[in-house]
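The values are calculated or read from the model by the stated rules, or taken from the named source; none is laboratory data. Bear in mind the structure is a predicted one, so any value in this text is a computation, not a measurement. Positions of Cβ are generated from backbone atoms using ideal geometry, with glycine treated the same way; all protein chains shown enter the neighbour counts.
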Amino acid sequence: MKEIWIVDDDEEMGRAVSLMLKLLDCNTRYFFNSRVAAQALLAGGTPELMILDINMPEVSGLDMLEFLRRRKEWKDLPVIMLSSEAADVMVDKALKLGADGYVMKPVTIDELEKVMSQAFYNHIKK
């Protein structure tokens with residue numbers, strides 16, 4: 001069973017995504033901000049995939065993505081960005097920073113499953 005971490009300041013969205021992931025036979029861990037998730041990583045946590053909201057206070061999902069990609073221990077961790085922002089500029093920025101996928105809120109279970117499969121496939125090919 002895969003362990004997926006969800007980082008989103010919207011608790012309702014975090015719970016919804018967590019429920020969808022459980023229906024997809026994944027274990028989940030929810031973090032309300034990037035700092036807490038980074039602390040869990042630094043303490044030895046090991047997710048198999050991370051889902052990051054882009055717009056969060058203090059440390060954005062894009063900042064967290066940059067942090068992950070700069071550290072050798074997490075540079076290959078599959079990361080999916082989750083956002084209510086549909087601007088092509090934002091999507092392009094996330095992908096250029098190393099995101100493996102981008103889904104819009106509200107996300108459906110089918111969309112989530114598809115982008116997760118693609119993210120895992122991309123990392124197997126590396």
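Of all the residues in the range 101-123, those that are acidic (D, E) and under 12 Å from the mean Cα position of the chain (by Cα) number 0. Which of the residues belonging to the range 93-115 are of a type in the set (D, E, K, R) and free of Cβ contacts under 8 Å to residues at least 40 places away in the same chain? Result: K93, K96, D100, D110, E111, K114.
Each row is one residue, and each column tells you yes or no for (1) surrounded by 20 or more Cβ atoms within 10 Å (Cβ to Cβ); (2) part of a loop (DSSP other than H, G, I, E, B).
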site	(1), (2)
L21	yes, no
R29	no, no
V36	no, no
M50	yes, no
V59	no, yes
L62	yes, no
E66	no, no
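From the set of residues in the range 82-126 that are of a type in the set (D, E, K, R), under 20 Å from L24 (Cβ atoms) and assigned to a loop (DSSP other than H, G, I, E, B), which is modelled with the highest pLDDT?
The residue in question is D100.
If you filter the range 38-59 down to residues that are within 11 Å of the chain's Cα centre (by Cα) and not acidic (D, E), you find that the one that is nearest to E3 (Cα to Cα) is P47.
Can you tell me which residue is nearest to L21 (Cα to Cα) among those in the range 104-117 that are surrounded by 14 or more Cβ atoms within 10 Å (Cβ to Cβ) and in contact with a strand residue (DSSP E or B) (Cβ under 9 Å, 6 or more places away or on another chain)?
L112
If you go through the range 76-83 one residue at a time, do you hit one that is free of Cβ contacts under 8 Å to residues at least 24 places away in the same chain and surrounded by 12 or more Cβ atoms within 10 Å (Cβ to Cβ)? Within the range 76-83, none of the residues are free of Cβ contacts under 8 Å to residues at least 24 places away in the same chain and surrounded by 12 or more Cβ atoms within 10 Å (Cβ to Cβ). The listed residues are M56, M90, and the only one of them that is touching a residue at least 12 places away in the same chain (Cβ under 8 Å) and within 19 Å of R35 (Cα to Cα) turns out to be M56. Listed by first and then second residue, the pairs with beta-carbon distance under 6 Å, at least 6 apart or on different chains, first residue in the range 23-37 and touching a residue at least 60 places away in the same chain (Cβ under 8 Å), second of a type in the set (D, E), are L24/E113.
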